[in-house]
Amino acid sequence: MAASAARATSTVHARSPHHPPSTVLAGARVVLPTGTVDNGRVVVEGTKIVTEASTAEAHVHDLSGHWVVPGFVDIHNHGGGGASFTSGTAEDVLRGVMTHRRHGTTTLVASTVTGDMDFLAHRAGFLSELVEQGDLAGIHFEGPFISPCRKGAHSEELLRDPDPAEVRKLIDAARGTAKMVTLATELPGGIDSVRLLAEHGVIAAIGHTDATYEQTREAIDAGATVATHLFNAMPALGHRAPGPIAALLEDERITVELINDGTHLHPAALELAFRSAGAGRVAFITDAMDAAGFGDGRYQLGPLEVEVKDGVARLVEGHSIAGSTLTLDTAFKRAVTVDRIPVEDVVAAISANPAKLLGAYDRVGSLDPGKDADLVVLDADFALKGVMRRGEWVVHPAAG
Ligand SMILES: [Zn+2]
């Protein structure tokens with residue numbers, strides 16, 4: 001009865017939400033998993049991409065001279081717009097999410113930095129509500145189970161060995177929304193913790209690690225599947241001691257995160273990783289902190305103070321690089337125009353691969369019909385011109 005009543009109403013009001021008008025994006029170069037289609041069409045109805053519009057009434061956007069690519073998926077992101085995912089209020093967290101969304105990131109996993117165990121468990125419960133309401137795609141715990149030798153911008157006194165019981169405590173506190181834990185798998189309890197994470201369907205990410213090549217292989221065999229910001233916060237590649245980098249690059253089971261901001265990685269290192277792993281095993285991340293999309297100045301990263309100057313974030317004490325101010329639209333443009341990576345491979349690294357890691361590729365990560373209408377419009381120079389999330393424009397392509 002209720003359904004037929006709704007249908008009756010929608011005949012009277014043609015624009016009823018039950019039969020939303022379609023949006024047709026026409027004339028653009030559309031990047032699909034099967035390749036790029038020139039003069040392609042993307043049809044959006046409600047929140048989804050569809051094959052054909054079901055009504056003649058459609059808004060047509062002429063996007064000739066533009067690219068349409070899937071919305072970006074960031075699996076490692078600590079904040080933005082002046083807000084931190086580790087310490088901000090719900091309003092702050094949403095401001096950070098919106099900042100990245102305006103830069104094309106339609107799916108975002110919130111990363112925490114090292115903190116006290118009780119604090120992190122409490123924070124997990126808090127962030128899980130934002131996951132449940134659809135604003136975040138999950139939680140990534142970076143620390144506290146990391147190596148003091150490779151601590152980067154994490155407080156040394158709060159670091160601890162990866163005890164499986166404590167890892168369990170964090171993932172339980174996240175109530176099914178924990179997606180990834182970065183840990184130094186060579187520490188006591190590391191391998192058991194990797195096994196526990198794999199059993200619970202949470203990504204075990206090897207990072208902030210001092211592991212040898214052999215120790216890294218052992219962690220991969222135990223179930224680790226991601227390399228946290230490959231090259232950063234791990235021993236360098238050596239010809240007698242190849243270390244974690246060689247083990248992570250060579251293994252088909254591993255996806256390597258790369259921070260493509262021009263500061264964290266030399267372009268040659270990025271190219272080496274991209275060629276060695278192949279486009280199917282790279283995930284571009286921001287590792288962004290509060291200053292992303294905000295500006296230079298002084299910030300807090302957990303308990304540590306950070307100075308951002310010319311967009312580069314460094315600890316006030318020790319001057320270690322402390323996260324980035326990167327947004328994924330900048331990473332995309334840089335990958336195509338500076339690194340000369342084919343657009344289709346950049347789309348794999350920035351949308352499809354991270355969506356697959358999250359187990360969300362049935363909903364996001366490509367422009368296939370049936371998926372969420374999450375997409376980014378870029379001009380011929382790869383500058384961001386439009387962002388749509390779940391069928392709604394976040395940045396309208398006509399807005400300039
Ligand atoms: Zn990080």
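Annotations
- Distance between modelled label sites at Arg240 and Glu392, nm, 7 Å Cα→Cβ extension: 6.1
- Annotation: lysines with alpha-carbon distance below 18 angstrom to Lys385 (same-chain offsets under eight excluded): Lys333.
- Taking a ≥ b ≥ c as the square roots of the eigenvalues of the Cα gyration tensor, the range 315-400 is prolate, since a/c reaches 1.5 or more and a/b is larger than b/c.
- With a cut-off of 10 Å between beta carbons, the residues surrounding Thr114 carry a summed charge of -2, where Lys and Arg count +1 and Asp and Glu -1.
- Prolate/oblate/rounded label for the range 246-367 (Cα gyration tensor, a/c 1.5): prolate
- Modelled label reach - Arg168, point 7 Å along Cα→Cβ, the range 179-198 residues with backbone N closer than 17 Å: 189-198
- Across the options Gly293, Ala165, Leu120, the greatest Cα extent toward the positive end of the charge dipole of the range 81-357 (unit charges at beta carbon of Lys, Arg, Asp, Glu) belongs to Gly293.
- In this simple spin-label model, placing a label point 7 Å from the Cα along the Cα-to-Cβ direction at both Asp368 and Glu214 gives a separation of 4.3 nm.
- Taking the Cα centre of the chain as origin and assigning +1 to Lys and Arg Cβ atoms and -1 to Asp and Glu Cβ atoms, the resulting dipole is close to 880 debye.
- The range 239-316: trypsin sites (Lys or Arg not before Pro) falling in loop per DSSP and having at most 10 other Cβ within 10 Å: Arg240
- Proximal aspartates and glutamates to Lys169, defined as alpha-carbon separation beneath 13 angstrom and excluding residues fewer than eight positions away on the same chain: Asp116, Asp118
- Full extension of the segment from His266 to Asp118, taken as 0.36 nm per residue of separation minus the current Cα-Cα distance, would add 49.5 nm.
- Note on Lys371: lysines with a C-alpha under 20 Å away, same-chain residues under 8 apart excluded, are Lys48, Lys356.
- Dipole orientation for the chain: of the candidates His266, His154, Gly27, Gly27 has the Cα lying most toward the positive pole (charges on Cβ; Lys, Arg +1; Asp, Glu -1).
- The fraction of Cα-Cα pairs per 5 angstrom bin, counted from 0 for the range 81-357, comes to 1, 6, 14, 18, 20, 19, 14, 6, 1, 0, 0 percent, rounded to whole percents.
- Of all segments of the chain bounded by GluC sites (Glu not before Pro) found in a DSSP loop with no more than 16 other C-beta atoms within 10 Å, the longest spans 58-251.
- This ranking places Leu328, Leu367, Leu265 by how few other beta-carbon atoms lie within 10 Å of each, fewest first, which gives Leu265, Leu367, Leu328.
Throughout, read-outs are computed from the coordinates displayed, never taken from laboratory work. Treat the numbers as computed from the prediction; the structure is a model and nothing was measured. Neighbour counts are summed over all protein chains in view; Cβ atoms, including those assigned to glycine, are modelled from backbone coordinates with ideal geometry.
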